[in-house]
Structures are given as structure tokens and as C-alpha cells.
Amino acid sequence: MPKIKVIVASAIILIALLFGAFSFVQTNVEYVDFQTAMSSHKRVQVKGEWVREEDSRFDPQKHQFTFSMKDDNDQTMKVILEGAKPNNFDIANAVVVKGRYDNGVFHATDCLTKCPSKYEGTASDLKR
């Protein structure tokens with residue numbers, strides 16, 4: 001009887017460790033630029049800014065928000081986000097998209113926005 005308890009406990013610990021390792025690998029997404037995303041076949045994050053001059057729209061039938069984004073190396077790419085336009089998207093000064101590149105488009109499953117802080121000062125504030 002004690003051997004069965006040890007075997008069951010060992011199996012539970014092993015399953016928990018495997019689940020933890022798998023979860024870590026799934027959430028460990030590296031930051032890259034669009035050029036690297038194009039050659040990578042895995043899920044990545046790209047940081048940049050929304051190109052306001054180019055068309056952006058939400059398709060309610062497909063539940064997709066499409067916009068153009070410029071990465072930190074000034075490469076612009078069309079992004080299709082699965083879901084609605086994020087809150088504060090219009091005032092964001094930086095955008096991070098998570099997803100994969102496919103056929104000339106970056107398909108994002110997540111989009112994070114960084115908005116200017118109301119606590120950040122401007123150069124004119126420093127002169128006072």
C-alpha cells in the first residue's frame with residue numbers, strides 16, 4: 001500500500017512539473033522587430049507605434065481590428081488583431097502586439113497600449 005501512495009504522489013508531482021514547464025514556454029514570448037518576426041515561425045512580441053495616417057478599421061463580422069504599425073526600426077506592417085480595438089488605443093504613444101507573421105501581415109492575438117502618464121512633465125514644465 002505505501003508503494004502505491006509514493007507512485008501516485010510521484011506521478012502528480014511529475015505532471016505538475018510538466019504542466020508548469022509547458023505553461024512557461026507558452027508565455028515566454030520574446031521581443032523582436034518585424035524583420036525577425038517574418039523569419040520566425042513562432043509567437044513573438046513587436047513593440048512600435050500606430051501609424052495614424054494609414055487606414056484602421058474594425059470588422060464586426062470577423063471580430064478583427066486592422067491597423068498599421070511601425071516598429072522601432074521604422075518598418076511598417078499591417079496588423080490584424082483578433083478582437084476589438086483596445087481601450088486607450090487612440091491616445092497610445094506605444095503599442096506592443098503579440099502574435100505571428102503570415103503572408104505579409106502580422107496576426108496578433110494580444111495588443112498592449114502604453115499611454116502617456118498624467119504625471120509626466122514636459123520640457124516647458126521644467127523651465128518654471
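Restricted to strands (runs of 3 or more DSSP E) entirely inside segment 38-79, those with at least 1 residues that are of a type in the set (D, E, K, R), without any contact (Cβ under 8 Å) to a residue 40 or more places away in the chain and surrounded by fewer than 16 Cβ atoms within 10 Å (Cβ to Cβ) are 57-59. Of all residues in segment 80-96, those that are among the hydrophobic types (A, V, I, L, M, F, W, C), in a strand (DSSP E or B) and within 14 Å of ALA108 (Cβ to Cβ) total 4. Among the conditions (1) closer than 19 Å to ARG43 by Cα; (2) in contact with a His (Cβ under 9 Å, 6 or more places away or on another chain); (3) not basic (Lys, Arg), VAL95 misses just one, which is (2). Flag not set for PHE24, criterion: modelled with pLDDT of 95 or more, within 18 Å of GLY99 (Cα to Cα) and not charged (D, E, K, R).
The values are calculated or read from the model by the stated rules, or taken from the named source; none is laboratory data. Because the structure is a prediction, the values reported are computed rather than measured. Cβ: placed from backbone, ideal geometry, glycine included. Neighbour counts: every protein chain shown.
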